[in-house]
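Structure first, then comments.
The values are calculated or read from the model by the stated rules, or taken from the named source; none is laboratory data. Predicted model only: the values in this text are computed from it and were never measured. Backbone-built Cβ (ideal geometry, glycine too); neighbour counts: all protein chains shown. Ligands, DNA and RNA are stripped out before the accessible areas are found, and what is left, the full protein with its side chains, is counted by its heavy atoms. Shrake-Rupley method; radii C 1.70, N 1.55, O 1.52, S 1.80 Å.
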Amino acid sequence: MKLLAVLVLCLTLSFNAGGTVTDAEIKSISERLYSLDSNKASASDLVIDPQALVADSQTSSETDRSSKPLFSYLNENALFSKPTYAALLSVLDNYNRMTGQAENFSSQQLAEQDKFVRETMSNTQLGRELFAFLYNKGIYKSEEDFIQDLKMMWFGLYSRNNNQLDSSGFEHIFAGEIKGGKVSGFHNWIRFYLLEKGGKLNYYSHSFNGPWTTFPDVLGMQFMWDGYYKQVGSAVIGCSPEFDFAIYSLCYITRPGKQCHLSVGGKTLIIQTYTWDNSSYGDGKKFIGSAYPASP
């Protein structure tokens, strides 16, 4: 009888983790999140110059085909003063990019992680809309349950190399890492902008440009980060931190380890997510391994 109860509980948890959410509902909520992204960059805030477009067969050549940076202009005063941008900036510089070297966070850095999640999810209409959707689907019992799960899912540490607690979903996706002599992860446009501005990142080309004519847009980029190459680093360009965080969270929670089909401005955006299967948190929950826009 006890075994049966456990099986029923496991099936219920699996069902609540995504089985109740249809593809149509995911497209509907993603359009709603898109419409609520009031902090995204406008054409007057952000100017990019994608330059060279290369075929997929050329992305491994490590050839610099662009003479200028990707980012021509960003209105930092307008965007970085917004609470969610400021919260993201405070977290991005907390990481050692080399896998195999353990991450150790101070109490202040842990507080910065907490602030980022709360600023993006609790203090924006976009974040509250995502919570309401997941709450109504029975996935979370309260807002605090939602916030705490996001903190563990995104910021909980696991080992990618050398049995060290050296990585997390947030570090991999938003900050980027170095593993095996190459860039691993790195799917956030603000991180890209900051490193390019600081002379630490050299944009080479792009192999994919999304169909959007306003921000957010999607690019699949080739670049060199301090001597380490990224063959295809796709990112949503010009969106707010809360939009980036929300769509990756939505897809991971409802379609873990699968392709997740969103609708953004009437056009399809596919997010690929991966679970980290070598360790877990809570009652067997999986950390985020990766999430990024899937280039066609």
Quiz prompt | Ser44 open to solvent by 50 Å² or more (accessible area, probe 1.4 Å), assigned to a loop (DSSP other than H, G, I, E, B) and farther than 30 Å from Tyr229 by Cα | solution = yes
Self-check item: Residue pairs meeting the criteria (Cβ under 7 Å; at least 6 apart or on separate chains; first over 17 Å from Asn188 (Cα atoms) and assigned to a loop (DSSP other than H, G, I, E, B), in region 208-219; second modelled with pLDDT of 95 or more and basic (Lys, Arg))
Solution: Pro211/Lys267; Trp212/Lys267
Quiz item: Just one of Ile190, Ile147, Ile139 is assigned to a loop (DSSP other than H, G, I, E, B) and among the aliphatic types (A, V, I, L, M); which is it?
Solution: Ile139
Quiz prompt | Selection status of Lys82, within 17 Å of Lys200 (Cα to Cα) and either touching a strand residue (DSSP E or B) at 6+ places or on another chain (Cβ under 8 Å) or surrounded by fewer than 18 Cβ atoms within 10 Å (Cβ to Cβ) (or both) | solution = no
Quiz item: Do you know which residues across region 47-71 are closer than 22 Å to Ile190 by Cα, open to solvent by less than 70 Å² (accessible area, probe 1.4 Å) and free of Cβ contacts under 8 Å to residues at least 40 places away in the same chain?
Solution: Val47, Asp49
Practice problem: Could you please let me know if Leu88 is more than 17 Å from the chain's Cα centre (by Cα), surrounded by 20 or more Cβ atoms within 10 Å (Cβ to Cβ) and within 30 Å of His261 (Cβ to Cβ)? | Solution: no
Self-check item: Failed item in (1) within 29 Å of Trp212 (Cα to Cα); (2) free of Cβ contacts under 8 Å to residues at least 12 places away in the same chain; (3) not acidic (Asp, Glu), with Met121 passing the rest
Solution: (2)
Practice problem: Among the residues of region 224-243, count how many are free of Cβ contacts under 8 Å to residues at least 60 places away in the same chain and closer than 13 Å to Phe174 by Cα. | Solution: 3
Exercise. With respect to Gln222, determine if the residue is closer than 17 Å to Tyr292 by Cα, open to solvent by 30 Å² or more (accessible area, probe 1.4 Å) and not in a helix (DSSP H, G or I).
Key: no
Self-check item: All positions within region 264-284 that are touching a residue at least 40 places away in the same chain (Cβ under 8 Å) and crowded, with 18+ Cβ neighbours inside 10 Å
Solution: Val264, Leu269, Trp276
Quiz prompt | From Leu195, Leu165, residue being out of contact with any helix residue (DSSP H, G or I) (no Cβ under 8 Å at 6 or more places or on another chain) and in a helix (DSSP H, G or I) | solution = Leu195
Quiz prompt | Unmet requirement for Trp189, which otherwise passes all of (1) open to solvent by less than 20 Å² (accessible area, probe 1.4 Å); (2) out of contact with any Cys (no Cβ under 8 Å at 6 or more places or on another chain) | solution = (2)
Exercise. Test each condition in (1) more than 11 Å from the chain's Cα centre (by Cα); (2) more than 19 Å from Ser72 (Cβ to Cβ) for Val218 and report the one that comes out false.
Key: (2)
